[in-house]
Amino acid sequence: MNQDDKDGLWDPVERRDEPEVRAELPVAKVVSMPAAKPAEPAMAFDKLLKTLIQQLEDGNVNAAFAIEEDWREAGGKGEAANKQWQLTQELLGVASELPVPVVQALANGIAVGDFTASWPALDDFKKADPKAASAAHGLLALRARRLFDGTANKLYTAPPPRPDYYANYVPPSVTRSSSGMSGWRVVSLGAVVLSAILRIAASSHNTYDYDYHPIELPPLPQYDPNLYTPPAYDPTLYTGSAYANYVLPNVPPAPVAVEASDSRDVLLDDMISEAQSISTYSLVPDESMPKVQAFVDAGLDDQCGKMKTSFAALAKLKPVTDDAEKAAAFKQQVAAIKTRLPIVCGKKQPTTR
């Protein structure tokens, strides 16, 4: 048994080792490629401009597009200050949407530097195709304003006149009835009767004698200056009265107590009034007044954050030192504001004192 029949299967073909055959591959030949030609420089600007205008004059719009594209890829740059270049660029921007005769006429105007040279061609095109001329007129007005100005409305086509619906109008014939009395005859007869009545009334008015009696008005009372003279000032009338020796208060009235029924708006108004009393009665020196006003402004704007900050500065102020009564009043006003501020800007409820 061969070594190959160790698996228990009999192979009638005797297996022999075949020699390994390797195919010889052809060796690639190195072909030297010619060196790439250097890119050609861009066409001169003047030559390019003349070429583009000539192509547009000939109606070769696509050729003009291709020439400009190749020129720009080669690194060409236009001259923005050149008026002829500006007009050419404007024409290229709309040339694909304009009729070829319009493109040719406008290119001719650009070439000679005078758009009046293009007017005859534009007039001829408008006569041949008014609808296309009107569309070109609108396109130039929207997207090529300088070219539009050069056309001088030569492409404008006036809309057709509105039909006169009443030009051939014939009113319907009216058949009048000959029998009886028509309306116009009744009106005429009424006018005659009314005229006769007016004449009779006028004649009777001229013969009537009126007896006029002027109306006599009662005499007006004569002006007596003594009745309107005010009494002379008598200082004795004011002696001993409640206001004879009145002196303005030196300090504001004491703040009212907080009630349980006081709303937030009432408490806010009380705080503003108490702070304003500090300024009105000069309870602090003049240099401290801006801090008092800052709290008043915050209260008027109803901004709790600013009110808390400005009150912290207000509470640190020192009252005037030359008046003990004002110093005591300042402490009362600050204490009243301090009581109301947590209620206005917090969740604390007012309690009756």
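The values are calculated or read from the model by the stated rules, or taken from the named source; none is laboratory data. Here the structure is a predicted model, which means the values were calculated and not measured. Backbone-built Cβ (ideal geometry, glycine too); neighbour counts: all protein chains shown.
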ask   = Does any residue of region 131-146 turn out to be of a type outside the set (Phe, Trp, Tyr) and under 22 Å from Lys50 (Cα atoms)?
value = yes
Exclusive hit being over 49 Å from the mean Cα position of the chain (by Cα), aliphatic (A, V, I, L, M) and surrounded by fewer than 20 Cβ atoms within 10 Å (Cβ to Cβ), set Leu300, Leu248 = Leu248
inquiry  = With exposed (fewer than 10 other Cβ atoms within 10 Å of the Cβ), at pLDDT below 75, part of a loop (DSSP other than H, G, I, E, B) and more than 60 Å from the chain's Cα centre (by Cα) as the only criterion, which of His205, His213 stands out?
reply    = His213
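Which count do you get for residues in region 116-142 that are in contact with a Gly (Cβ under 7 Å, 6 or more places away or on another chain) and either closer than 19 Å to Leu92 by Cβ or loosely packed, with under 11 Cβ neighbours inside 10 Å (or both)? Can you show your working first?
First, pick out the residues of region 116-142 that are in contact with a Gly (Cβ under 7 Å, 6 or more places away or on another chain): 117-118.
From what's left, either closer than 19 Å to Leu92 by Cβ or loosely packed, with under 11 Cβ neighbours inside 10 Å (or both): 118.
Adding up the residues that qualify gives 1.
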key: Count - residues of region 91-107 that are touching a Phe, Trp or Tyr at 6+ places or on another chain (Cβ under 9 Å) and not small (Gly, Ala, Ser)   = 5
key: Candidate set: region 308-323, residues that are under 44 Å from the mean Cα position of the chain (by Cα) and either among the small types (Gly, Ala, Ser) or surrounded by fewer than 18 Cβ atoms within 10 Å (Cβ to Cβ) (or both); chosen: the one nearest to Cys345 (Cα to Cα)   = Lys308
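If you check Trp71 against the conditions, is it farther than 29 Å from Asp129 by Cα, in the same structural domain as Leu142 (by TED's automatic domain parsing) and crowded, with 20+ Cβ neighbours inside 10 Å? Show your work before the answer.
Numbers: farther than 29 Å from Asp129 by Cα: yes; in the same structural domain as Leu142 (by TED's automatic domain parsing): yes; crowded, with 20+ Cβ neighbours inside 10 Å: yes.
Considered against the rule, which asks whether it is farther than 29 Å from Asp129 by Cα, in the same structural domain as Leu142 (by TED's automatic domain parsing) and crowded, with 20+ Cβ neighbours inside 10 Å, Trp71 comes out as yes.
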ask   = Among Gly346, Gly305, which is assigned to a loop (DSSP other than H, G, I, E, B) and either surrounded by fewer than 17 Cβ atoms within 10 Å (Cβ to Cβ) or hydrophobic (A, V, I, L, M, F, W, C) (or both)?
value = Gly346
